[in-house]
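Before I ask anything, let me first share the structure, which is written out below as structure tokens.
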Amino acid sequence: MPNPGEHHPAFEEYCECIFELREDNLEVIQARIADRLRVSRPSVSEMIKRLTEERLILVTDGHITLTDSGEELAQRVVRRHRIAERFMTDILGLSWALAHREAGRWEHVMSDAVEEAMRQKLGNPTTCPHGNPIPGSGYAAPPAVSLSKLNTGQSFTVSRIPEELEFSPGMLEFLENTNLMPGMSGQVSTTNDKGDMTLSVEGHDIVVEKFATERILVTV
């Protein structure tokens, strides 16, 4: 059972999902939650009822928003997840993909004391390894556009890898292996008829599919 003032991990998972969908400028509806969490729509419908009863969310014309309590819970879980990811990549040297999976476990069991100790050890990080802001850090993201908006010959610097891509099978491994990471610079070589792009990154050509180029955020 959760401690007083805490919530069941399933509640945390749903509030986190709602927060991240909103962060990625996606409409927060039950079908999208089901897709992100890979659960059945009847299961989502039942959980939405429970979250409403707990006063963690509001549902208006099918659109789901967090209440103040839900927002507080979501930010706590997201903050712990992203600090854990940063700790596992920067301190433990784990891969992006493994850190993402493990952080999904740590976020539900991390105490305030451990969170604070990890934050201090990391030197008060403002983003996760993928460039997503850590809630409460005061980070202000620079103006960015999706990679797909760039033309041939344009140079860019990767700013952020949205959560949607973190849940795409194999994507984190691909991005890390090709150095298409926040802070890395490159140039658009070509774009084919399907919208896939060939990019030059650190002297190497890589092909990035349309699904990813439409979501990776860059500064130019």
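Here is a check on your reading of the model: is Asp90 open to solvent by 60 Å² or more (accessible area, probe 1.4 Å), under 23 Å from Gly138 (Cα atoms) and out of contact with any helix residue (DSSP H, G or I) (no Cβ under 6 Å at 6 or more places or on another chain)?
When the stated conditions are applied, Asp90 passes them.
Being farther than 22 Å from Ile91 by Cβ and surrounded by 15 or more Cβ atoms within 10 Å (Cβ to Cβ), is that true of even one residue in segment 132-146?
yes
Oh, and also: Within segment 166-220, restricting attention to residues that are polar (S, T, N, Q) and part of a strand (DSSP E or B), which residue is nearest to Leu21 (Cα to Cα)?
Thr219
Let me ask something else about it. Which residue out of Arg82, Arg38, Arg101, Arg22 is of a type in the set (Lys, Arg), surrounded by 18 or more Cβ atoms within 10 Å (Cβ to Cβ), within 30 Å of Val145 (Cβ to Cβ) and without any contact (Cβ under 8 Å) to a residue 60 or more places away in the chain?
Arg82
Let me ask another. In segment 51-60, is there at least one residue being open to solvent by less than 70 Å² (accessible area, probe 1.4 Å) and charged (D, E, K, R)?
No: zero hits.
The values are calculated or read from the model by the stated rules, or taken from the named source; none is laboratory data. Given the structure is predicted, the values throughout are model-derived calculations rather than measurements. Note that each Cβ is placed from the backbone with ideal geometry, even for glycine, and that neighbours are counted across all protein chains shown. SASA here: full protein model, heavy atoms, side chains in, ligands and nucleic acids out. Shrake-Rupley method; radii C 1.70, N 1.55, O 1.52, S 1.80 Å.
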